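Engineer: Have a look at the structure that comes next, please.
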Amino acid sequence: KTSCTPPAMSRLLLFSVLCSPAACISHFCDIGIVGAGAGGAYTAWRAASDGRKVCVFERAGRPGGRIHSLRGQGPQEDLVVEAGGYRFAPKPVVQRTGKITWRIDTPLTAAIIEELKIPSAIYNPNASQWDHGMHKLVDEKGQDAGYLTFIERMLEIATAKGAKVRFNAEVVSLGTLAGKDGSKLVVIRLKSGEEVVVKNAVLNMPQRPVLELLRRSNSSISSAFPKPLYNPVSFPIMKFYVHYDDAWWRNDLGLVSGPFYNKEPTSKVQTHVTGVPTENPVPLEGQYHDGDVRCDLPDGKCRGFLQTFYGGDTSQNPGGVDGAMKFFSPFVDSISEDAATQIGYVEPHHKELLDQTHASLVELHRAALDAANATARVSAMRPTGAVLSMWTQGVAGIHAGCHVPKRLKNGDQAPPGYISKEAMAPLPDWPIFVANEAFGPMNCFAEGSLAMAEMALKKMNISLPEAGWLTEEVR
């Protein structure tokens with residue numbers, strides 16, 4: 001064995017680290033970040049701007065995590081499909097669905113996007129609908145730019161400030177070392193066999209991946225029980241965007257905003273298995289204003305994507321089709337590296353899904369199409385393709401679409417930020433921090449991950465702008 005400890009590191013370590021070529025400590029970083037999602041990119045940006053040596057390790061070949069903007073989509077390759085997270089609320093927005101009230105508040109996200117000078121636009125043009133207050137990111141021409149833009153911009157700045165960002169760099173475990181000055185150091189071990197020593201580790205990972213990483217780590221880490229990290233429960237989410245060369249819902253029906261969904265027949269048989277979808281129709285639960293559309297055809301006609309489904313396995317609408325995840329899951333691989341699947345006419349099962357979806361859309365809109373004398377023409381159409389994204393346990397490194405904390409012992413819903421502070425530093429004996437939506441004060445939005453990253457940066461004494469946008473739960 002030969003020593004491969006960099007000179008600067010040898011002053012910190014209690015002993016020289018010996019390694020073989022297959023497992024060598026290659027370098028030292030002040031902050032090692034596992035995951036290049038919103039929280040990881042934000043940590044890298046702020047820490048590198050403060051002069052820290054930053055290393056980012058992302059297992060996928062792209063940044064963003066569950067923010068997954070697919071650019072160059074459609075036959076003309078000029079549209080964006082948001083396969084994952086894609087909206088923020090500059091001011092608090094309240095959604096009421098049945099008996100459920102959900103307050104969406106993303107002040108940190110809004111402040112970051114403003115600081116980065118990225119333009120945004122109103123997500124839903126209809127001021128009478130609850131999501132009118134939501135915003136999306138656009139380019140200088142006002143076209144959809146992709147929500148991933150703000151994560152890319154943070155990583156660009158971090159890289160310009162000296163941060164090293166590596167993709168296809170899977171971290172398989174963590175180790176620990178004692179510094180010569182008594183400090184505690186963390187060893188980040190990559191699948192390649194490489195090891196990197198860091199003063200602080202920030203884990204920008206969803207619940208299941210972070211728990212599995214800690215359990216695979218050395219005994220000083222794996223012997224502890226990080227109780228807050230076990231609190232959330234995860235659930236899958238899916239999105240389905242269908243592309244038409246003729247955006248008939250706009251061109252023929254004038255539908256530019258608002259939700260739509262189909263209903264299933266009332267079950268005549270009660271069984272012990274719940275949430276079983278009907279064989280027809282295809283579950284629909286989308287929004288007319290959601291999907292990149294360009295109205296640049298002759299006579300101002302439109303083309304583009306229609307969001308035909310966004311939700312989970314249980315419909316949020318009265319009478320809506322339940323079991324959507326069960327219905328769609330056979331059409332994609334159960335284990336994959338990417339939640340998003342391109343749906344076209346090459347594969348027979350994809351063709352069947354496109355045909356079934358089109359038929360279900362026509363049936364749902366039949367009355368309006370009849371009134372517009374467009375039923376025969378639209379029925380004869382076919383989508384040119386689609387994107388189906390399923391954020392489930394089978395997606396490597398992700399394993400879920402969203403998380404919520406368990407209910408309190410009295411049955412009440414946990415308040416925002418209930419576990420955030422404890423989950424941010426789940427192993428008090430080691431400088432290991434967690435920043436992810438799964439544990440944050442705003443579940444299901446990048447805001448939760450960003451807020452936890454902000455807390456971790458403060459713990460690491462990184463200089464930050466004034467945090468006037470932060471709520472009391474995350475200060």
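The values are calculated or read from the model by the stated rules, or taken from the named source; none is laboratory data. This is a predicted model, so every value here is computed, not measured. Cβ coordinates were reconstructed from backbone atoms using ideal geometry, including for glycine residues, and neighbour counts include every protein chain displayed. Heavy atoms of the whole protein, side chains included, go into the accessibility calculation; ligands, DNA and RNA do not. Shrake-Rupley method; radii C 1.70, N 1.55, O 1.52, S 1.80 Å.
Engineer: On a 1.4 Å probe surface of the protein chains, which of R294, R407, R189 comes out largest in accessible area, and what is the full order?
Structural biologist: Largest to smallest exposure gives the sequence R407, R189, R294.
Engineer: Can you list residues whose amide H is under 5 Å from A414's amide H, if they're 5+ apart or on another chain and H is modeled 1.01 Å from N?
Structural biologist: Amide H to amide H, under 5 Å and 5 or more residues apart or across chains, A414 pairs with L408.
Engineer: So how long is each side of the stretch 82-235 along the principal axes, counting just the alpha-carbon atoms, biggest first, in Å?
Structural biologist: 60, 43, 29
Engineer: Then there's this: Calculate the length of the line joining the C-alpha centroid of the stretch 325-399 to that of the stretch 246-321, in whole Å.
Structural biologist: The distance from the Cα centre of the stretch 325-399 to that of the stretch 246-321 comes to 10 Å.
Engineer: Using the Kirkwood radius built from alpha carbon pairs, what does the Stokes-Einstein equation give as D for the stretch 153-238 at 4 °C and 1.567 mPa s, in µm² per second?
Structural biologist: Translational diffusion coefficient: 87 µm²/s.
Engineer: In the chain, how does Rg compare with the Kirkwood Rh, expressed as the Rg/Rh ratio over alpha carbon atoms?
Structural biologist: 1.00
Engineer: Here's something else I'd like to know. Tell me the accessible surface of D50 in square angstrom (1.4 angstrom probe, heavy atoms of protein chains only), to the nearest ten.
Structural biologist: 50
Engineer: Can you return the lysines within cross-link range of K458? Criterion is Cα-Cα under 26 Å, with same-chain partners fewer than 8 residues away left out.
Structural biologist: K53, K91, K117, K161, K164, K180, K184, K199, K227, K421
Engineer: Could you tell me what fraction of 2.2 N^0.38 Å the Cα radius of gyration of the stretch 322-456 comes to, as a two-decimal ratio?
Structural biologist: Here the Cα radius of gyration is 1.52 times the empirical estimate.
Engineer: If I ignore ligands, DNA and RNA and count only protein heavy atoms, how much of F28 is accessible to a 1.4 Å probe, in Å² to the nearest 10?
Structural biologist: In the full protein context, F28 sits at about 30 Å².
Engineer: Could you sort S360, S49 by accessible area so the largest value comes first, with the probe set to 1.4 Å?
Structural biologist: Sorted by accessible area, descending: S49, S360.
Engineer: Now for a different question. Could you tell me which of A414, A451, P428 has its Cα farthest along the dipole of the chain towards the positive end, charges placed at Cβ (Lys, Arg +1; Asp, Glu -1), taken about the Cα centre?
Structural biologist: P428
Engineer: Mind grabbing the base-10 log of I(q)/I(0) for the stretch 241-307 at q = 0.13, 0.29 Å⁻¹? Debye formula, identical points on the C-alpha positions, no solvent, two decimal places.
Structural biologist: -0.49, -1.29
Engineer: In the stretch 170-304, if every C-alpha pair distance is counted and binned at 5 Å from zero, what percent goes to each bin?
Structural biologist: All Cα pairs considered, the percentages come to 2, 7, 11, 11, 8, 7, 7, 8, 9, 10, 8, 6, 3, 1, 0.
Engineer: Cα to Cα, under 17 Å, and not fewer than 8 places away if on the same chain: which lysines meet these conditions relative to K239?
Structural biologist: K136, K326
Engineer: Check every DSSP H run in the chain and write down those whose alpha carbon atoms cover 15 angstrom or more along the long axis and whose mean Kyte-Doolittle hydropathy is 1.0 or greater.
Structural biologist: none
Engineer: How big is the antiparallel share of DSSP beta bridges in the chain, given as a percent to the nearest 5?
Structural biologist: Here the share of antiparallel DSSP bridges comes out near 75 percent.
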